[in-house]
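**Student:** After the structure tokens below, expect a handful of questions from me.
The values are calculated or read from the model by the stated rules, or taken from the named source; none is laboratory data. Values in this document were obtained by computation on a predicted structure and should not be read as measured data. In this analysis, Cβ positions are derived from the backbone assuming ideal geometry, glycine residues included, and neighbour counts consider all displayed protein chains.
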Amino acid sequence: MAPPAEVLAVRGLSKTFPGVRALDDLDLTLHAGEVHALIGENGAGKSTLIKLLTGVYRPDAGEIALHGRPVSFATPLEAQKAGISTIYQEVNLIPLLSVARNLFLGREPRNRLGMLDVARMSREAERTLSTYGVHVDVRQPLRTLGVGAQQMVALARAVATDARIVIMDEPTSSLEPREVETLFSVIRRLRDAGIAVVYVSHRLDELYAVCGTVTVLRDGRRVHHGGLADLDRLSLVSTMLGRDLGEVRKEGLTRFTGDHGPAEAEPVLEATQLAVPHKLHGVSLSIRPGEVVGLGGLLGSGRTETAKAIAGALPLRSGSVTVAGVPLRGGSTPAAIRAGISLLPEDRKSEGIVPGLSVRDNIALAVLPRLSRFGLVAEARVDGIVNTFVERLRIKASSPHQKVGELSGGNQQKVLLARWLAMNPRVLLLDEPTRGIDIGAKAEVQKLVDELAADGLGVLLISSDLEELIEGSDRVVVLKDGRVVGELTGDDVTEEKLMRTIAGNDPVRDAVEEVAADG
């Protein structure tokens, strides 16, 4: 049997930004029907490679060949027309357009008069999306859908463009387990149809579930290429990090557990009966100084809405927020910030970083009013704060003046953390703080959360990663459909009991039944 045809060949690809060698003499091949894992820490060169393949960047050296012919794309549209489609970690569609328009963007069906055939487009959109488990009114704006559903629309659009290569950049970061299974079935369908898939993910379970080949990047270079089944997980992690995994543990980059704050301490934050129409229905929780409280639940359970309501970013119909015993008045984000509440949002791209500004300006953004006098900013104080946090959080940038949009996702997340830590908050609300960042950066962020709690900061931790939520929290408050359905403490903070609570089972009742059964 003849080997699969080579659809993509990258030879000696290099790309340099000011002060940073993003890709260095990289080689990569991709064959028809191959699901190829592309992994590495943030800053390893994955995003740069994707942008070179899709026409966002132009290489400084090297060659890209498609089906044996050298190509050079000036725009992403040229790459798409050549058969390369990309699904990005953050949905890259148009929120104000309808779901159907987004699905058919650039290839809308027309009637005999050349006018847009809205009825046909809606019918085909509904039929297409139903195969992805998405059943929505396709005439509604895309922004009315949840992030997971929007990601499935982006997936359906990418596959529907007759692509021969589909690049998936952290495609499951916003998906529920059911949607992940749908995605995997789509990937297998693409593989069987001879379409090549480049799969970028930091979730090892996913890689081993769907990928046959792996390329590992580190510091812009290829450090491993071969069959994924030939590399066990420990070796894969060690290859990514470029050091023995035991060394990472010695540096304290793994999570440690235990109570961060005294149980008898008065709450630094109390949220009581928070209600937001159609989103929250009487959510209450408290956080003590030095305590990490996890907020668990499935996508759409109200986790993000709870954090935004506490931070004043979502208007309350009723309920109250108290910080250190003082009621939060005004119900606005500025009022929450003045009271000592800082929120790290889930979507850092649209709600966090300002990509066109420098690392320095992004960090200083929130603290500038405190550093100005009579409208003049003390530049030396700004530089001192910025340099402190760049060093403390180990933010990798050519200089504080590099645009934050040029940094890796993990470093962008650290810049956001630095911005809010510069405000010396009492309470830090972290919404998916490690979403889409690599193992090394993830461990560093988790270690930082522990250090902040040890310093007396109250932390609310939202994470879709059950292991992270369980290992990183002193208590876990569980939400379902905008309501608190349980709270796990002490030895009850386990994956099994968390899943039971989410599903609607009562862990206390189950424990009583178990004792009765044993007796």
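**Student:** Can you name the condition, by its number, that R143 falls short on among (1) at pLDDT 90 or above; (2) under 25 Å from the mean Cα position of the chain (by Cα); (3) of a type in the set (K, R)?
**Tutor:** (1)
**Student:** Being over 27 Å from the mean Cα position of the chain (by Cα), over 26 Å from R188 (Cα atoms) and among the β-branched types (V, I, T) narrows it down to one of V56, V71, so name that one.
**Tutor:** Of V56, V71, the one residue that is over 27 Å from the mean Cα position of the chain (by Cα), over 26 Å from R188 (Cα atoms) and among the β-branched types (V, I, T) is V71.
**Student:** Tally time: how many residues in region 357-406 are surrounded by 16 or more Cβ atoms within 10 Å (Cβ to Cβ), assigned to a helix (DSSP H, G or I) and modelled with pLDDT under 80?
**Tutor:** Summing the residues that are surrounded by 16 or more Cβ atoms within 10 Å (Cβ to Cβ), assigned to a helix (DSSP H, G or I) and modelled with pLDDT under 80 in region 357-406 gives 1.
**Student:** Looking only at region 248-263, decide whether some residue is at pLDDT 55 or above and either on the phi < 0 side of the Ramachandran plot or of a type in the set (K, R) (or both).
**Tutor:** no
**Student:** Still on this model: Test L299 against the stated conditions and say whether it is among the aliphatic types (A, V, I, L, M) and either more than 26 Å from V445 (Cβ to Cβ) or modelled with pLDDT of 90 or more (or both).
**Tutor:** For L299, the condition - among the aliphatic types (A, V, I, L, M) and either more than 26 Å from V445 (Cβ to Cβ) or modelled with pLDDT of 90 or more (or both) - is not met.
**Student:** Residues V35, V10: which one is of a type in the set (A, V, I, L, M) and under 12 Å from A196 (Cβ atoms)?
**Tutor:** V35
**Student:** Using the structure shown, decide if V197 is within 27 Å of G43 (Cα to Cα), outside the structural domain of M499 (by TED's automatic domain parsing), touching a Leu at 6+ places or on another chain (Cβ under 7 Å) and modelled with pLDDT of 85 or more.
**Tutor:** yes
**Student:** Output the residue which, of all residues in region 463-482 that are part of a loop (DSSP other than H, G, I, E, B) and either modelled with pLDDT of 85 or more or touching a helix residue (DSSP H, G or I) at 6+ places or on another chain (Cβ under 6 Å) (or both), is nearest to P433 (Cα to Cα).
**Tutor:** Per the stated criteria, the residue is S463.
**Student:** Also: Just to be sure before I move on: is T501 more than 17 Å from the chain's Cα centre (by Cα), buried (at least 21 other Cβ atoms within 10 Å of the Cβ) and either at pLDDT below 85 or part of a helix (DSSP H, G or I) (or both) in the structure I sent?
**Tutor:** Yes; evaluated as a whole, the condition is true for this residue.
**Student:** Regarding region 109-123, can at least one residue be identified that is in a loop (DSSP other than H, G, I, E, B) and in contact with a helix residue (DSSP H, G or I) (Cβ under 6 Å, 6 or more places away or on another chain)?
**Tutor:** yes
**Student:** Given the criterion over 30 Å from M240 (Cα atoms), not hydroxyl-bearing (S, T, Y) and not in a helix (DSSP H, G or I), identify the matching residue among V198, V134, V214.
**Tutor:** It is V134.
**Student:** Could you give every pair whose Cβ atoms fall below 6 Å, whose first residue belongs to region 393-421 and is in contact (Cβ under 8 Å) with a residue 60 or more places away in the chain, and whose second residue is of a type in the set (S, T, Y) and crowded, with 23+ Cβ neighbours inside 10 Å, counting only separations of at least 6 or pairs across chains?
**Tutor:** Every condition considered, the pairs that remain are W420/S342.
**Student:** Of all residues in region 276-298, how many are part of a loop (DSSP other than H, G, I, E, B) and in contact with a Gly (Cβ under 6 Å, 6 or more places away or on another chain)?
**Tutor:** 5
**Student:** The conditions are (1) in contact with an Asp or Glu (Cβ under 9 Å, 6 or more places away or on another chain); (2) of a type in the set (A, V, I, L, M, F, W, C); (3) more than 23 Å from L466 (Cα to Cα), and F184 fails exactly one of them. Which is it?
**Tutor:** Among (1) in contact with an Asp or Glu (Cβ under 9 Å, 6 or more places away or on another chain); (2) of a type in the set (A, V, I, L, M, F, W, C); (3) more than 23 Å from L466 (Cα to Cα), the lone unmet condition for F184 is (3).
**Student:** Here is a further query. Which residue pairs have Cβ atoms closer than 8 Å, lie 6 or more positions apart in sequence or on different chains, and pair a first residue in region 331-343 that is closer than 9 Å to M423 by Cα with a second residue that is at pLDDT below 90 and assigned to a helix (DSSP H, G or I)?
**Tutor:** These pairs meet every condition: S342/W420; S342/L421.
**Student:** Right, something else. Against the definition (over 19 Å from T161 (Cβ atoms), within 28 Å of the chain's Cα centre (by Cα) and modelled with pLDDT under 85), how does G133 come out, yes or no?
**Tutor:** yes
**Student:** Related question: Looking at region 15-33, which of its residues are surrounded by 15 or more Cβ atoms within 10 Å (Cβ to Cβ), within 16 Å of A65 (Cβ to Cβ) and out of contact with any helix residue (DSSP H, G or I) (no Cβ under 8 Å at 6 or more places or on another chain)?
**Tutor:** Answer for region 15-33, where residues must be surrounded by 15 or more Cβ atoms within 10 Å (Cβ to Cβ), within 16 Å of A65 (Cβ to Cβ) and out of contact with any helix residue (DSSP H, G or I) (no Cβ under 8 Å at 6 or more places or on another chain): T29, L30, H31, A32.
**Student:** Can you tell me how many residues within region 160-171 are within 22 Å of the chain's Cα centre (by Cα) and surrounded by fewer than 22 Cβ atoms within 10 Å (Cβ to Cβ)?
**Tutor:** 1
**Student:** Something else: Any idea how many residues of region 315-326 are farther than 11 Å from T272 by Cα and not in a loop (DSSP other than H, G, I, E, B)?
**Tutor:** 2
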